[in-house]
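As structure tokens, the structure follows; a few thoughts come after it.
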Amino acid sequence: MAHPYHHALSSARLWGGVPEDYLSLHSWFDQSKLIIADYRHRALRHHAEGIFMLEQMYGTTRRLSTGRIIPTRWIGEQHVREDLGRIPSFADWVRAIRPEPWMGRATTLRFEDAPRGGRA
């Protein structure tokens with residue numbers, strides 16, 4: 001789907017209420033478009049752990065404008081399935097990242113390089 005509003009329309013068709021009942025949750029999934037404006041933004045939240053993060057941020061359930069209460073997780077699962085066709089794990093995304101030498105480069109921090117306490 002192209003926009004969180006379209007996901008919200010879909011949610012309203014599935015569980016009732018109005019798109020505004022769902023828009024903040026679907027927008028949360030797609031906030032990563034601020035970082036990268038193509039499908040790769042999905043690697044940050046479109047996975048099983050991202051769905052649980054949504055639940056932690058917005059609560060276990062959502063009360064709709066109709067009074068109906070539904071699990072927040074249902075909304076997250078719907079969003080990810082609509083975008084990807086399934087719910088991948090974060091590990092699925094990581095396996096798809098091509099490692100580059102700079103990603104594993106580590107330097108040794110010498111004691112002299114560490115920030116000193118007090119005033120400079």
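The values are calculated or read from the model by the stated rules, or taken from the named source; none is laboratory data. All figures in this text were calculated on a predicted structure; none of them were measured in a lab. Cβ coordinates were reconstructed from backbone atoms using ideal geometry, including for glycine residues, and neighbour counts include every protein chain displayed.
No other residue among 38, 83 is among the charged types (D, E, K, R) and surrounded by 11 or more Cβ atoms within 10 Å (Cβ to Cβ) apart from 83. Listed by position, the helices (runs of 4 or more DSSP H) enclosed by the range 5-120 that each have at least 1 residues that are under 18 Å from the mean Cα position of the chain (by Cα) and at pLDDT 95 or above are 23-30, 48-58, 72-84, 90-95.
Whenever a residue of the range 49-75 is more than 10 Å from residue 22 (Cβ to Cβ) and free of Cβ contacts under 8 Å to residues at least 12 places away in the same chain, its partners that are in a strand (DSSP E or B) and among the aliphatic types (A, V, I, L, M), lying with C-beta atoms within less than 8 angstrom and at least six residues away or across chains, give the pairs 61/69; 61/70; 63/69.
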